[in-house]
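> I am attaching a structure below and will ask some questions about it afterwards.
The values are calculated or read from the model by the stated rules, or taken from the named source; none is laboratory data. As the structure is a prediction and not an experimental result, all values here were calculated from the model. No Cβ is skipped: glycine too gets one built from the backbone with ideal geometry, and neighbour counts run over all protein chains shown. Each accessible area value is taken on the protein alone, full model and side chains, heavy atoms only, with ligands, DNA and RNA left out. Shrake-Rupley method; radii C 1.70, N 1.55, O 1.52, S 1.80 Å.
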Amino acid sequence: MQSFLTDPRFKGIKPFEKKIWLSSPTMHGDEQKWVDEAIRTNWVSTVGANINEVEKQIAAYVGVRYAVALSAGTAALHLAIKLAGETLYGQARPDRGTLQGHRVFCSDMTFCASLNPVAYEDGEAVFIDTESDTWNMDPVALEKAFELYPDVRLIVVAHLYGTPGKMEEIKRIADAHHALIVEDAAESLGAKYLLNGKWVETGTLGNYNCISFNGNKIITGSSGGMFLTDCEADANKVRKWSTQSREAAPWYQHEEIGYNYRMSNIIAGVVRGQIPYLDMHIAQKKAIYERYKAGLADLPVKMNPFDAEKSEPNFWLSCMIIDENAMAPQVRGEQDYLYKSEPGKSTPSEILDALAAFNTEGRPIWKPMHMQPIYRSNAFITAQGNGRARSNAYIAGKGVDVGADIFRRGLCLPSDNKMTPEQQDVVMDIIHRCFR
Ligand SMILES: Cc1ncc(COP(=O)(O)O)c(C=O)c1O
């Protein structure tokens with residue numbers, strides 16, 4: 001880090017006194033009111049007015065009939081995936097997951113929580129490569145995956161960094177193969193998508209839909225998540241599972257496995273205070289994205305792309321990708337990395353180190369799941385078909401791997417909604433100097 005502070009390329013720049021975060025929580029004051037009310041009225045457990053209210057308000061905002069407030073987005077994804085498994089394959093024994101013996105097609109370049117629940121349910125994730133138009137699941141690769149594995153009936157799809165994926169195509173493919181969709185809208189609450197000529201919210205696009213109120217999300221409860229659906233029976237089932245699956249008996253009677261996944265009324269108080277500011281946060285994040293887009297336009301980089309005709313992202317994180325011909329050498333091991341500086345070129349690793357040296361937080365792009373040690377033996381499907389083992393000692397070329405390429409050349413930029421335009425100018429100045 002010290003070397004950036006003494007590097008002549010960065011002469012005159014001082015580290016920020018207060019750290020510029022990637023995306024930190026923004027409290028507005030109302031959160032305190034609803035948390036205090038929960039404490040004052042003694043409704044601090046997993047029942048209460050805040051929970052009822054946030055379920056009602058989020059369902060109305062997103063445009064679904066039912067929202068079930070849970071302890072985390074991961075909990076929502078687990079129960080959504082379990083419910084999909086039970087719907088497809090029946091109730092599992094208590095010591096087995098509902099997906100045992102079944103493959104599930106999953107977004108590849110996403111946070112692990114999107115699809116770890118497939119493994120919780122004993123299923124086998126098959127990773128679908130990413131397209132370069134929105135950085136989400138590639139419908140062409142998905143179609144290829146159905147050619148290779150025609151029996152698959154479940155797709156888990158995420159919207160990366162708040163940008164909706166190609167859901168019209170993905171839904172068409174899912175319907176053609178009688179497959180269900182679990183939608184992971186954890187990062188994209190408030191993002192809109194033009195589906196068959198009608199604007200809808202992400203969180204309505206799957207058969208089972210999930211959002212997150214994790215501390216770094218567009219609005220937060222400090223933690224928390226929700227399951228969203230139009231189906232009353234599904235909402236009731238998820239609510240029952242989330243509160244230990246109690247049957248209608250005077251004692252604790254159980255016919256199915258349960259979980260302690262319900263949101264607390266305290267957390268719901270924080271969410272309740274945040275909901276009125278969702279649109280404001282989106283506008284702030286959009287302004288950050290647009291300032292980066294204009295301010296970095298003279299560099300050999302591009303912003304994370306979206307389909308402006310079919311989607312309106314929530315701009316949760318601004319990202320950039322370095323043009324191939326402006327990439328300096330960079331090698332990443334499993335836990336360490338090396339890079340070289342070259343005039344006119346840079347690397348995500350160098351930019352992230354430079355930002356950190358000046359007290360600013362960026363982040364690498366989500367490392368694709370097919371590259372993760374834990375999922376090394378799971379299948380990976382690209383637009384060309386099987387994405388594993390495509391190199392040959394005697395023939396040049398390795399096959400496409402869009403996710404690996406975005407991971408190699410891309411990074412998430414500081415996207416905190418409290419960053420001022422002046423601070424963002426300094427961030428962009430640091431990035432410019434990396435290319436000197
Ligand atoms: C794409 C994605 N899915 C799932 C999650 C999990 O949500 P949570 O942290 O609320 O469990 C997150 C964020 O944390 C996420 O970014």
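> Identify the single condition in (1) touching a strand residue (DSSP E or B) at 6+ places or on another chain (Cβ under 8 Å); (2) in contact (Cβ under 8 Å) with a residue 60 or more places away in the chain; (3) not acidic (D, E) that G162 does not satisfy, given that it satisfies every other one.
(1)
> While we're looking at this one, here's another question. Counting just the residues of the stretch 405-422 that are in a helix (DSSP H, G or I) and open to solvent by less than 50 Å² (accessible area, probe 1.4 Å), which one comes out farthest from H370 (Cα to Cα)? Let's see the steps before the verdict.
In the first step, residues of the stretch 405-422 are kept if they are in a helix (DSSP H, G or I); the result is 405-409, 421-422.
Restricting the remaining residues to those that are open to solvent by less than 50 Å² (accessible area, probe 1.4 Å) gives 405-407, 409.
Working: D405: 13, I406: 14, F407: 12, R409: 17 Å.
Checked the stretch 405-422; the qualifying residue farthest from H370 (Cα to Cα) is R409.
> Name the strands (runs of 3 or more DSSP E) wholly within the stretch 95-164 that hold at least 1 residues that are within 13 Å of the ligand (Cβ to nearest atom), within 30 Å of I218 (Cβ to Cβ) and touching a Ser or Thr at 6+ places or on another chain (Cβ under 9 Å)?
Values: elements: 103-107, 124-128, 154-158.
Fully inside the stretch 95-164 and qualifying: 103-107, 154-158.
> More than 23 Å from the chain's Cα centre (by Cα), crowded, with 23+ Cβ neighbours inside 10 Å and closer than 30 Å to D30 by Cα: which single residue out of G225, G269, G221 fits that description? Give the steps one after another, and end with the answer.
Details: G225 fails: more than 23 Å from the chain's Cα centre (by Cα); G221 fails: more than 23 Å from the chain's Cα centre (by Cα).
Result of the check over G225, G269, G221: G269.
> Out of the residues in the stretch 360-382 meeting the condition of being among the polar types (S, T, N, Q) and over 23 Å from M419 (Cα atoms), tell me which one is surrounded by the fewest Cβ atoms within 10 Å (Cβ to Cβ). Walk me through how you get there before you give the answer.
Of all residues in the stretch 360-382, those among the polar types (S, T, N, Q) come to 360, 372, 377-378, 382.
Keeping just the survivors that are over 23 Å from M419 (Cα atoms) gives 372, 377-378, 382.
On the way: Q372: 15, S377: 8, N378: 20, T382: 26.
If we take residues in the stretch 360-382 being among the polar types (S, T, N, Q) and over 23 Å from M419 (Cα atoms), then S377 is surrounded by the fewest Cβ atoms within 10 Å (Cβ to Cβ).
> Give the residue, chosen from N116, N207, N214, that is open to solvent by 10 Å² or more (accessible area, probe 1.4 Å), of a type in the set (S, T, N, Q), at pLDDT 95 or above and touching a His at 6+ places or on another chain (Cβ under 9 Å).
On the way: N207 fails: touching a His at 6+ places or on another chain (Cβ under 9 Å); N214 fails: touching a His at 6+ places or on another chain (Cβ under 9 Å).
Being open to solvent by 10 Å² or more (accessible area, probe 1.4 Å), of a type in the set (S, T, N, Q), at pLDDT 95 or above and touching a His at 6+ places or on another chain (Cβ under 9 Å) holds for just one of N116, N207, N214, which is N116.
> Does any residue of the stretch 169-176 turn out to be free of Cβ contacts under 8 Å to residues at least 60 places away in the same chain, open to solvent by 10 Å² or more (accessible area, probe 1.4 Å) and touching an Asp or Glu at 6+ places or on another chain (Cβ under 6 Å)? Give the steps one after another, and end with the answer.
Let us first name the residues in the stretch 169-176 that are free of Cβ contacts under 8 Å to residues at least 60 places away in the same chain, namely 169-176.
Okay, now just the ones that are also open to solvent by 10 Å² or more (accessible area, probe 1.4 Å), so 169, 171-173, 175-176.
From the residues that got through so far, the ones that are touching an Asp or Glu at 6+ places or on another chain (Cβ under 6 Å) too are 173.
Scanning the stretch 169-176 turns up at least one residue that is free of Cβ contacts under 8 Å to residues at least 60 places away in the same chain, open to solvent by 10 Å² or more (accessible area, probe 1.4 Å) and touching an Asp or Glu at 6+ places or on another chain (Cβ under 6 Å).
> Quick check: anything in the stretch 348-359 part of a loop (DSSP other than H, G, I, E, B), touching a residue at least 60 places away in the same chain (Cβ under 8 Å) and either open to solvent by 50 Å² or more (accessible area, probe 1.4 Å) or touching a helix residue (DSSP H, G or I) at 6+ places or on another chain (Cβ under 7 Å) (or both)?
As a first pass, look at the stretch 348-359 and keep what is part of a loop (DSSP other than H, G, I, E, B): 358-359.
Next, only the ones that are touching a residue at least 60 places away in the same chain (Cβ under 8 Å) stay: 358-359.
Keeping just the survivors that are either open to solvent by 50 Å² or more (accessible area, probe 1.4 Å) or touching a helix residue (DSSP H, G or I) at 6+ places or on another chain (Cβ under 7 Å) (or both) gives 358.
Yes, that holds for at least one residue.
> Still on this structure, I have one more. Give the stretch 177-189 a look and list any residue that's part of a loop (DSSP other than H, G, I, E, B) and open to solvent by less than 30 Å² (accessible area, probe 1.4 Å), or say none. Even if it seems obvious, please write down each step before you answer.
Going through the stretch 177-189, the residues part of a loop (DSSP other than H, G, I, E, B) turn out to be 177-179, 185-189.
Matches in the stretch 177-189: A179, A185, A186, E187, S188, L189.
> Suppose the filter is open to solvent by 40 Å² or more (accessible area, probe 1.4 Å), modelled with pLDDT of 95 or more, in contact with a His (Cβ under 9 Å, 6 or more places away or on another chain) and farther than 30 Å from N42 by Cβ; does D336 pass it? Can you show your working first?
Numbers: open to solvent by 40 Å² or more (accessible area, probe 1.4 Å): yes; modelled with pLDDT of 95 or more: yes; in contact with a His (Cβ under 9 Å, 6 or more places away or on another chain): no; farther than 30 Å from N42 by Cβ: yes.
So D336 fails the test.
> Continuing with this model, one more query. Of the residues in the stretch 311-333, how many are part of a strand (DSSP E or B), without any contact (Cβ under 8 Å) to a residue 40 or more places away in the chain and surrounded by 16 or more Cβ atoms within 10 Å (Cβ to Cβ)? Please lay out each step first, then the result.
Our first condition is that a residue be part of a strand (DSSP E or B); within the stretch 311-333, this holds for 311-312, 319-322, 327, 330-332.
Next, only the ones that are without any contact (Cβ under 8 Å) to a residue 40 or more places away in the chain stay: 331.
If we keep only those that are surrounded by 16 or more Cβ atoms within 10 Å (Cβ to Cβ) as well, we get none.
Qualifying residue count for the region: 0.
> Checking R272 against (1) in a helix (DSSP H, G or I); (2) free of Cβ contacts under 8 Å to residues at least 12 places away in the same chain, only one condition comes out false. Which one?
(2)
> Another one. Within the stretch 8-24, which residues are over 30 Å from I219 (Cβ atoms) and among the aliphatic types (A, V, I, L, M)?
Initial filter on the stretch 8-24 (over 30 Å from I219 (Cβ atoms)): 8-14.
Residue satisfying the conditions is I13 alone.
> Residues that are of a type in the set (G, A, S), at least 2 per element: which helices (runs of 4 or more DSSP H) completely within the stretch 1-82 meet that? Lay out the reasoning, then the answer.
Working: elements: 2-6, 30-40, 49-62.
Helices (runs of 4 or more DSSP H) meeting the threshold: 49-62.
> Can you confirm whether the stretch 231-245 contains a residue that is among the basic types (K, R) and more than 30 Å from R96 (Cα to Cα)? Write out each step before concluding.
If we filter the stretch 231-245 for residues that are among the basic types (K, R), which is where we start, we get 237, 239-240.
Checking which are more than 30 Å from R96 (Cα to Cα) leaves us with none.
Scanning the stretch 231-245, I find no residue that is among the basic types (K, R) and more than 30 Å from R96 (Cα to Cα), so the answer is no.
> Something else now. Here's a check for you: in the stretch 281-297, which residue that is touching a residue at least 40 places away in the same chain (Cβ under 8 Å), over 20 Å from T202 (Cβ atoms) and not small (G, A, S) is surrounded by the most Cβ atoms within 10 Å (Cβ to Cβ)?
Out of the qualifying residues, it is Y292.
> Moving on to the next point. Which of the residues spanning the stretch 300-310 are touching a Cys at 6+ places or on another chain (Cβ under 9 Å) and open to solvent by 20 Å² or more (accessible area, probe 1.4 Å)? Talk me through it step by step, then tell me what you get.
Going through the stretch 300-310, the residues touching a Cys at 6+ places or on another chain (Cβ under 9 Å) turn out to be 303-304.
Passing the criteria: only M303.
> Could you check the stretch 219-265 and list, in sequence order, the residues that are assigned to a loop (DSSP other than H, G, I, E, B), free of Cβ contacts under 8 Å to residues at least 24 places away in the same chain and within 20 Å of T87 (Cβ to Cβ)?
S245, E255, G258
> Is it the case that the stretch 50-60 has a residue that's of a type in the set (A, V, I, L, M), over 30 Å from D425 (Cβ atoms) and surrounded by fewer than 22 Cβ atoms within 10 Å (Cβ to Cβ)? First the steps, then the outcome.
Step one: of the stretch 50-60, the residues of a type in the set (A, V, I, L, M) are 51, 54, 58-60.
Checking the rest, the ones that are also over 30 Å from D425 (Cβ atoms) come to 51, 54, 58-60.
Filter again for surrounded by fewer than 22 Cβ atoms within 10 Å (Cβ to Cβ), leaving 59-60.
Scanning the stretch 50-60, I find at least one residue that is of a type in the set (A, V, I, L, M), over 30 Å from D425 (Cβ atoms) and surrounded by fewer than 22 Cβ atoms within 10 Å (Cβ to Cβ), so the answer is yes.
> If you don't mind, another one. Could you figure out which of (1) out of contact with any Pro (no Cβ under 9 Å at 6 or more places or on another chain); (2) surrounded by fewer than 24 Cβ atoms within 10 Å (Cβ to Cβ) isn't true of K192?
(1)
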